[in-house]
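Let me begin by presenting the structure, written as structure tokens, before commenting on it.
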Amino acid sequence: MAKHHELGRRGEALAKAHLEAAGYEILDENWTFGKAEVDLIAYKDRMIIFTEVKARSGNSFGEPEDFVDNRKQKLLASAADEYIYIMNHQGEVRFDIVAILFTPQQTYTLKHIEDAFWPSPY
């Protein structure tokens with residue numbers, strides 16, 4: 001398996017454990033719709049939280065959360081719209097980012113950014 005795929009899987013596992021420890025219920029993992037994939041879909045306080053996980057081994061090109069660009073936000077929004085429709089969810093929705101930065105010693109820092117963005121429909 002490629003190193004970046006391994007890093008991504010490890011990051012998603014850490015993000016899932018973090019969310020569960022914080023009282024979130026994980027509804028789905030790696031949920032796809034069209035070209036979009038939502039890493040984690042969680043539920044807490046009658047709100048569905050669509051979570052993008054970004055794991056990096058360094059920040060010389062920017063912080064992990066910087067890689068959730070407008071294109072990715074639009075893809076997440078389209079997937080979220082479909083998920084909300086399928087689940088007939090009438091409550092609040094939020095988009096979070098869990099950014100994980102690994103060190104060469106394989107330690108990491110995890111940053112959970114709640115309400116990280118609200119994707120523009122355009």
Candidates 81, 39, 45 - the one that is without any contact (Cβ under 8 Å) to a residue 60 or more places away in the chain, charged (D, E, K, R) and more than 17 Å from residue 114 (Cβ to Cβ)
81
For the subset of the stretch 98-117 comprising residues that are touching a residue at least 60 places away in the same chain (Cβ under 8 Å) and within 12 Å of residue 7 (Cα to Cα), which member is nearest to the chain's Cα centre (by Cα)?
100
With the condition kept exactly as written, say whether any residue in the stretch 14-33 is within 22 Å of residue 118 (Cα to Cα), aromatic (Phe, Trp, Tyr) and part of a strand (DSSP E or B).
yes
If you take the residues of the stretch 52-97 that are basic (Lys, Arg) and out of contact with any Asp or Glu (no Cβ under 9 Å at 6 or more places or on another chain), which of them is surrounded by the fewest Cβ atoms within 10 Å (Cβ to Cβ)?
71
Looking only at residues that are of a type outside the set (A, V, I, L, M, F, W, C) and surrounded by 12 or more Cβ atoms within 10 Å (Cβ to Cβ) in the stretch 42-51, which one is farthest from the chain's Cα centre (by Cα)?
44
Meets criteria (under 16 Å from residue 98 (Cα atoms), modelled with pLDDT of 95 or more and surrounded by 21 or more Cβ atoms within 10 Å (Cβ to Cβ)) for residue 39
yes
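Against the definition (more than 18 Å from residue 113 (Cα to Cα), surrounded by fewer than 19 Cβ atoms within 10 Å (Cβ to Cβ) and over 14 Å from the mean Cα position of the chain (by Cα)), how does residue 9 come out, yes or no?
Values: more than 18 Å from residue 113 (Cα to Cα): yes; surrounded by fewer than 19 Cβ atoms within 10 Å (Cβ to Cβ): yes; over 14 Å from the mean Cα position of the chain (by Cα): no.
So residue 9 fails the test.
The values are calculated or read from the model by the stated rules, or taken from the named source; none is laboratory data. Being a predicted model, the structure only gives us computed values, none of them experimental. Neighbour counts are summed over all protein chains in view; Cβ atoms, including those assigned to glycine, are modelled from backbone coordinates with ideal geometry.
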